[in-house]
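The values are calculated or read from the model by the stated rules, or taken from the named source; none is laboratory data. Bear in mind the structure is a predicted one, so any value in this text is a computation, not a measurement. When we count neighbours, we look across all protein chains shown, and the Cβ atoms used for this are built from the backbone with ideal geometry, even at glycine.
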Amino acid sequence: MQEPATTSDAVVAVEGVSKVYRPTPMAMRMMVRTTIHSDVTALDGISLRVEAGQTVALVGPNGAGKTTLFRILTGLTTPTTGEAKVLGLDVDTQSLAVRRMVGFMQAEDRALFMRMSCLENLVFHARLQHIPRRDLRSRCMEALEDVGLASQAQSSVFALSAGMRARLQLARAIVHRPRLLILDEPTGAVDPVGAHELLLLVQRLVREHNLATLISSHRLEEIESLGSNVVLLDRGRIRYHGDLSTLRDQWRRPAVEMELDSIEAAKAACTLLGTHGVEVHRSGTEVECRLPAGWSSGQLFAILNSVADRLVHIREANVPLRDILAEMYAGPPPAVKERA
Ligand SMILES: Nc1ncnc2c1ncn2[C@@H]1O[C@H](COP(=O)(O)OP(=O)(O)OP(=O)(O)O)[C@@H](O)[C@H]1O
């Protein structure tokens, strides 16, 4: 096996990668579950680097290209154009070596053997990863301990909760000591408490093993709680790469929450704001509004002058991440080859 490049290199280096799925050949259309009739561009010239110890969260609506990028980085499919490397190894020409460097936890993973124990499941997977026979048991027990399942080693997968199964899948992803961890919607099947625990576990493993990590999730509050760098994918292109607070600043349309001393005063405030084109939502005496781009709080106070003495409190509010994303995705697609 070829040695990976030195640790000073990025763990993930993706440069100008595009992926176009070609139409299903006529002869195969009867044999496959889903057929496509024209080219589908899943990724369109994306570039991305991830360093050891860094977590990057991939966010994007259905079909944005997240899973395709993950499949490329795990050697399961090849880029149509561009270059993708993991620890300096080319995912196309050195895919076997790449797979040994990558731990992949897939969305809707049905690859656990339900009647087998946790330990047996891990041993089976570890053998596929060519872990030496003499180390199999100790390495699998170590991975189970890492995810807090050592006491369940002999339990069959049937007996595990959804949260425990997710942790077992995580153990399977790390048993061969990868350098890159890829988690495709890891919390999809888990309840919110289990999801929170799983993410805390991932954060600990990333820290302890200095892993480069790519994670996708549709639960935006999870992405926020990770505090990681985010990549926003939109129709196969990178629309934004950076931290969330910078994203909020860039897409700043100030939101303001206020409370008035009566429902009548709240309704009057809504009418005043509405006539100036401000988007308002009222619930009882509480009013929430989103100012048009470029507005200052001074303009808001000038409009509210006649109800100013009825205000109980007023403060700037955090715009929910989902609102920012909804606005971004509603716009035109990002320019080709936009770089992080
Ligand atoms: N094997 C395939 N053959 C043809 N088209 C595909 C294939 N896999 C994905 N696609 C298409 O490529 C595009 C990107 O899909 P991908 O699964 O990468 O997106 P995603 O962001 O992971 O979406 P989701 O959040 O729904 O999982 C979609 O239009 C999808 O239909």
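Output the qualifying pairs, or none if there are none: Cβ atoms under 7 angstrom, residues six or more apart or on different chains, first residue in region 208-231 and within 18 Å of residue 13 (Cβ to Cβ), second residue of a type in the set (D, E, K, R).
Listed pairs, sorted by first residue: 211/179; 212/51; 212/179; 229/243.
The conditions are (1) closer than 27 Å to residue 325 by Cα; (2) assigned to a helix (DSSP H, G or I), and residue 309 fails exactly one of them. Which is it?
Tallying (1) closer than 27 Å to residue 325 by Cα; (2) assigned to a helix (DSSP H, G or I), residue 309 fails exactly one: (1).
Yes/no matrix, rows are residues, columns are (1) buried (at least 20 other Cβ atoms within 10 Å of the Cβ); (2) under 17 Å from the mean Cα position of the chain (by Cα):
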{"site": "153", "(1), (2)": "no, no"}
{"site": "163", "(1), (2)": "no, no"}
{"site": "166", "(1), (2)": "yes, yes"}
{"site": "180", "(1), (2)": "yes, yes"}
{"site": "183", "(1), (2)": "yes, yes"}
{"site": "195", "(1), (2)": "yes, yes"}
{"site": "201", "(1), (2)": "no, yes"}
{"site": "206", "(1), (2)": "yes, yes"}
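Please work out which residue is nearest to residue 19 (Cα to Cα), limiting yourself to region 35-69 and to residues that are away from the ligand (no atom under 12 Å from the Cβ) and assigned to a loop (DSSP other than H, G, I, E, B).
Within region 35-69, the first condition is being away from the ligand (no atom under 12 Å from the Cβ), and the residues that meet it are 45, 47-57.
Still in the running and assigned to a loop (DSSP other than H, G, I, E, B): 51-54.
On the way: 51: 23, 52: 26, 53: 27, 54: 25 Å.
This residue is 51.
If residue 130 satisfies every condition in (1) modelled with pLDDT of 90 or more; (2) over 25 Å from residue 215 (Cα atoms); (3) in contact with a Lys or Arg (Cβ under 8 Å, 6 or more places away or on another chain); (4) not hydroxyl-bearing (Ser, Thr, Tyr) but one, which is the exception?
Exception for residue 130: condition (1).
Take the conditions within 28 Å of residue 280 (Cβ to Cβ) and over 16 Å from the mean Cα position of the chain (by Cα) and apply them to residue 191. Does it pass? Break it down stepwise before answering.
Values: within 28 Å of residue 280 (Cβ to Cβ): no; over 16 Å from the mean Cα position of the chain (by Cα): yes.
So residue 191 fails the test.
Residue under question is residue 180, and the condition is that it be away from the ligand (no atom under 16 Å from the Cβ), at pLDDT 95 or above and within 30 Å of residue 48 (Cα to Cα); does it hold?
Numbers: away from the ligand (no atom under 16 Å from the Cβ): yes; at pLDDT 95 or above: yes; within 30 Å of residue 48 (Cα to Cα): yes.
Here the answer is yes, as residue 180 does meet what is asked.
Residues of region 291-328 being of a type in the set (Ser, Thr, Tyr) and touching a residue at least 24 places away in the same chain (Cβ under 8 Å), which ones?
Answer for region 291-328, where residues must be of a type in the set (Ser, Thr, Tyr) and touching a residue at least 24 places away in the same chain (Cβ under 8 Å): 297, 306.
Within the bounds of region 280-287, is there any residue that is among the charged types (D, E, K, R) and without any contact (Cβ under 8 Å) to a residue 12 or more places away in the chain?
Here is the first cut: in region 280-287, the residues among the charged types (D, E, K, R) are 282, 286.
From what's left, without any contact (Cβ under 8 Å) to a residue 12 or more places away in the chain: none.
No, the conditions are met nowhere in region 280-287.
Out of the strands (runs of 3 or more DSSP E) lying entirely within region 217-284, which hold 1 or more residues that are crowded, with 19+ Cβ neighbours inside 10 Å and within 16 Å of the ligand (Cβ to nearest atom)?
Values: elements: 229-234, 237-242, 255-260, 279-283.
Counting at least 1 such residues, we get 229-234, 237-242.
Could you check region 98-117 and list, in sequence order, the residues that are touching a residue at least 40 places away in the same chain (Cβ under 8 Å) and closer than 18 Å to residue 213 by Cα?
100, 101, 102, 103, 104, 105, 106, 107
Going by the structure shown, is residue 81 modelled with pLDDT of 90 or more, within 16 Å of the ligand (Cβ to nearest atom) and under 26 Å from residue 143 (Cα atoms)?
Numbers: modelled with pLDDT of 90 or more: yes; within 16 Å of the ligand (Cβ to nearest atom): yes; under 26 Å from residue 143 (Cα atoms): no.
It is false that residue 81 is modelled with pLDDT of 90 or more, within 16 Å of the ligand (Cβ to nearest atom) and under 26 Å from residue 143 (Cα atoms).
Suppose we filter 148, 188 for residues that are away from the ligand (no atom under 16 Å from the Cβ) and in a loop (DSSP other than H, G, I, E, B); which single one remains?
Working: 188 fails: away from the ligand (no atom under 16 Å from the Cβ).
Checking each option against the conditions leaves just 148.
When you scan region 318-334, do you find a residue that is under 30 Å from residue 65 (Cα atoms), of a type in the set (D, E, K, R) and modelled with pLDDT of 90 or more, even just one?
To start, the set of residues in region 318-334 that are under 30 Å from residue 65 (Cα atoms) comprises 318-334.
Right, trim to of a type in the set (D, E, K, R) and you get 322-323, 327.
Filter once more, keeping what is modelled with pLDDT of 90 or more: none.
Looking through region 318-334, none of the residues is under 30 Å from residue 65 (Cα atoms), of a type in the set (D, E, K, R) and modelled with pLDDT of 90 or more.
Return the residue satisfying two criteria in turn: it lies in region 196-216 and is more than 16 Å from the ligand (Cβ to nearest atom) and touching a Leu at 6+ places or on another chain (Cβ under 6 Å), and of such residues it is farthest from residue 324 (Cα to Cα).
My answer is 211.
Take the residues of region 70-91 that are part of a loop (DSSP other than H, G, I, E, B) and touching a Pro at 6+ places or on another chain (Cβ under 7 Å): which is surrounded by the fewest Cβ atoms within 10 Å (Cβ to Cβ)?
Just the residues of region 70-91 that are part of a loop (DSSP other than H, G, I, E, B), to begin with: 74-80, 87-88, 91.
Now narrow it down to the ones that are touching a Pro at 6+ places or on another chain (Cβ under 7 Å): 87-88.
Values: 87: 23, 88: 16.
The extreme case among them is 88.
Say we look at region 111-145 and pick out the residues that are in a helix (DSSP H, G or I) and of a type in the set (S, T, N, Q); which of these is farthest from residue 198 (Cα to Cα)? Explain how you work it out, then say what you get.
To start, the set of residues in region 111-145 that are in a helix (DSSP H, G or I) comprises 118-128, 133-145.
Filter again for of a type in the set (S, T, N, Q), leaving 121, 138.
Working: 121: 19, 138: 23 Å.
Applying the filter and picking the extreme gives 138.
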